[in-house]
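Worksheet for the structure shown next.
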Amino acid sequence: MQTRAGILEAVGRLLARSGCKDVGGNAIAREAGVEKVLIHRYFGGLPELLKTFAEETGFWPGLPELTKDADPPLDQLRGGERAKALPKSACASPGGCVSGTNTSLCRSRAART
C-alpha cells in the first residue's frame, strides 16, 4: 500500500506545484519514483487515478461545499440553471478545469468572465 499512497501523494504535489497542466502519467510516475505501469496496476489508468485522488484526499471541494450558501438552493434549480449558479471557483483553477466538472461548462464560464 505504500506505493499506492506514494502515487496519490505525487498527484497532490504536482497539483499544488503547478496546477492541472503538468499532471500526466509520466510526470506522476517520475514524481512518485515508480514505473508508469504501476499507475495502471493500482488504479487502472490516469482517469481512475485522478478520480481516486479526488475522492480520497479531499484536495478539491465537493459540490456540497461549493454550494452551501447558494441562493436559491441548488436542489431547487434545473440542470442548466444549476450549472450557471455554480460559483466561479467550481470551474476555475490556475491549472485549468477542476476534475469532475464538465469541460465545456468550464470553457463557457471562462468565456463569460
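Things to note:
- Full extension of the chain segment joining Val37 with Glu56 gains 4.7 nm, where the gain is 0.36 nm per residue of separation less the Cα-Cα distance.
- Potential lengthening of the chain between Thr3 and Ala27 amounts to 7.1 nm, from the contour at 0.36 nm per residue minus the alpha-carbon distance.
- Here the label points at Cys20 and Glu48, each 7 Å from Cα along the C-beta direction, are separated by 2.2 nm in the simple model.
- Each other residue within a Cβ distance under 14 Å of Phe43 adds +1 if Lys or Arg and -1 if Asp or Glu, for a net charge of -1.
No lab work stands behind these numbers, since they all come straight from the coordinates. Keep in mind that what you see is a predicted model, and the values were worked out from it rather than measured. Positions of Cβ are backbone-derived with ideal geometry, glycine not excepted, and every protein chain shown enters the neighbour counts.
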